[in-house]
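The values are calculated or read from the model by the stated rules, or taken from the named source; none is laboratory data. All values derive from a computational prediction rather than experimental measurement. All Cβ positions, even for glycine, are placed from backbone atoms using ideal geometry, and neighbour counts span all protein chains on display. Calculation scope for accessible area: heavy atoms of the full protein, side chains included, ligands and nucleic acids excluded. Shrake-Rupley method; radii C 1.70, N 1.55, O 1.52, S 1.80 Å.
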Amino acid sequence: MLNTGEILEKYLKGRMSMTDLAGLLGITPQYISSVLNNTKRPSKNFLEKFYMIFDVMEEDKENIENYEEFRRLPENFQKEYVLLI
């Protein structure tokens, strides 16, 4: 299962710098870095704007939604789920 940062990185890589994207979205490059490194959950607002800018495929949007639901589970459930798939 790819995490949110891995999915978003494939759209951002080579197309725009984090600094440029941060300026466009009115956020800090550190926030984007934290999302891409999977240390911070992306806000709904951030995702909506990112999806529009990069024309994110529906499948990737669903994968991000599924991953974000997964990461809200308690850690012990996450481990069990990973063993099942």
inquiry  = Restricted to Cα positions, what overall size does the chain have along the principal axes? Three whole-Å values, descending.
reply    = 40, 24, 21
task = Mind giving me the nanometre distance, one decimal, between the label points for Glu69 and Arg41, set 7 Å out from Cα along Cα→Cβ?
result = 1.4
ask   = Could you give me the ³J(HN,Hα) list for the range 9-14, computed from phi with Karplus coefficients 6.51, -1.76, 1.60 and θ = phi - 60°, whole Hz, x at Gly and Pro?
value = 4, 5, 7, 7, 3, x
message = Ignoring ligands, DNA and RNA, please state the percent of accessible area on the chain from carbon and sulfur, probe 1.4 Å.
response = 52
